[in-house]
Amino acid sequence: MIKLLTVIGARPQIIKAAALSRALAARPEMEEKILHTGQHYDAEMSEVFFRELGIPAPDYNLGVGSGPHGVQTAKMTVGIEQVLQAEPFDGVVLYGDTNSTLAGAVAAAKLGVPVFHIEAGLRSFAMAMPEEQNRIVCDHLSSLLFAPTQTAVDNLRREGLCDSPAVFTGGRGRRVVLSGDVMYDNARYFAPLALSGCDILQRLQLEPGTFVLATIHRPVNTDSPERLSAIVAALLEIAEELAVVLPLHPRTRKLLERNLPPQLRAQLEAHPRVHLLPPVSFFEVIVLEQQARVVLTDSGGVQKEAFFYGTPTVILRRETEWVEIIESRAGVLADADAVAIVRAYEDLKDRSVAFPPLFGDAHAAERILDAIDAYLKEKC
Ligand code: UD1
Ligand code: UDP
């Protein structure tokens, strides 16, 4: 029996974990236990996904909650280390680049437990981003690196992580696997269920193609009054033409109050075509991403899902890890510049683009489990 500990904590990780848990159901020789750090804790940031996506309830919940990076990451590291000391695991599965990922990597690697990093090799080349720091540390501490795209493999090669002769954990070398993207697995699996069972458009009284979906949560945008104001100004301009659906991450809800000038905030809240919502469920966001005319986002996951569903995206950042979206002309980097955002929206809303399958074949989870199985059965 192979025993894996999956560490999750933030919304996108909970969603990604659904793909592996689903594939594990067909493998009685593998057992998964789930550890939720508690980084995200509001029902609509966590519990809703377990229910909607059929993810098993966590075996451990550290209840760490919010806090400064150091405090939050330290509490998680202590909690994960205690679990790994109390119960033997053959490997720790980590997703993405949050503080929960970093804590899992540090706790496991220092105890000599192999780290399996899903979504390895992504780089923004913006070292000030907390996520860039987290993903680089995690990749360098990992035994198996599951790259979603060829670009991610190339990034890992440049850092010397491919074909690494280094004997790392358990006497085995480090390995890079081009697995495809578990988010694409989920998009393909859940889209039919979402489209047949979710009434968000009826509730908002919106017709397909008559609105844009916007999400904002990166500190670089929410924490700067200038940048947040520029993005909101652009959304208000777009709202003169199409409805704007804006589900608010809790960070953003708080910072809109603190960082927007009162007049702009009043305009946003009162605009008849702006729908300010709490975070929506995964099925709801799938419908919104599919049926929007354009998506505007600083989220890594949302820009990619928009691509999966053939919706063009204005990326509210200077750079993206998912360069394939820009290269295929399905997305434009507009930063937090109001003029550039509106121009990109105008350009993309009628652009005819191809959306080639660049993120795998919707079987990344199976490929990941095969590789973990083979790795752990290797003789050291
Ligand atoms: C985190 C990740 C980010 C990821 C995002 C996904 C890090 C450093 N950042 O950012 O990479 O893109 O999750 O959503 O790990 N809050 C609540 N309720 C919650 C969760 C958060 O009110 O359930 C509020 C708190 O005020 C908190 C703030 O949101 O301080 C930020 O939460 P935090 O987990 O620190 O970072 P995110 O911005 O969510
Ligand atoms: N998401 C969701 N509800 C929302 C906004 C996003 O379910 O209101 C999902 C989205 O479909 C994607 C994931 O959350 O799968 C992305 O998470 P987020 O934008 O918080 O973080 P990032 O991907 O940037 O790390």
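Coordinate-derived values only; no laboratory data. What you see is a predicted model; the values in this text were computed from it and never measured. Quick reminder, even Gly has a Cβ in these numbers, built from the backbone with ideal geometry, and neighbours come from all protein chains shown.
List of remarks:
- Rounded to the nearest 10 degrees, the angle from helix 364-377 to the longest Cα principal axis of the chain is 20 degrees.
- Restraint check, Lys33/Lys304; Lys304/Lys349; Lys3/Lys377; Lys3/Lys304; Lys33/Lys75, Cα-Cα greater than 24 Å: Lys33/Lys304; Lys3/Lys304
- Approximating the spin labels as points 7 Å out from Cα along Cα→Cβ, the Arg157-to-Val137 distance works out to 2.9 nm.
- DSSP-defined beta bridges in the chain - what % are antiparallel, rounded to 5: 0 percent
- Of Ala103, Ala86, Ala57, the one that fluctuates the most in a GNM where the chain has Cα springs shorter than 10 Å: Ala86
- Label-point gap, in nm, between Asp59 and Gln150 - each point 7 angstrom along Cα→Cβ: 3.9 nm
- Net lengthening on full extension, Phe125/Leu204 (0.36 nm per residue, minus Cα-Cα): 24.6 nm
- Rounded to the nearest 20 debye, the dipole size of region 1-109 about its Cα centre is 120 debye, using +1 on the Cβ of Lys and Arg and -1 on the Cβ of Asp and Glu.
- Theoretical ellipticity at 222 nm over the chain - DSSP helices of four or more residues, -39500 (n - 2.57) apiece, nearest 500: -14500 deg cm²/dmol
- Residues listed by number, region 303-329, amide nitrogen under 13 Å from Ala354 label point at 7 Å toward C-beta: 328-329
- Using a Förster distance of 56 Å, the FRET efficiency for Asp347-Ala86 (Cβ separation, nearest 0.05): 0.50
- Think of region 177-278 as having a plus end and a minus end, set by charges on the Cβ of Lys, Arg, Asp and Glu; of Ser196, Leu206, Leu256, Leu256 sits farthest toward the positive end of this dipole.
- On the beta carbon distance between Arg329 and Arg27, with R0 = 35 Å, the FRET formula returns roughly 0.35.
- Rough spin-label spacing in nm, given labels placed 7 Å along Cα→Cβ, for Gln267 and Lys3: 5.9 nm
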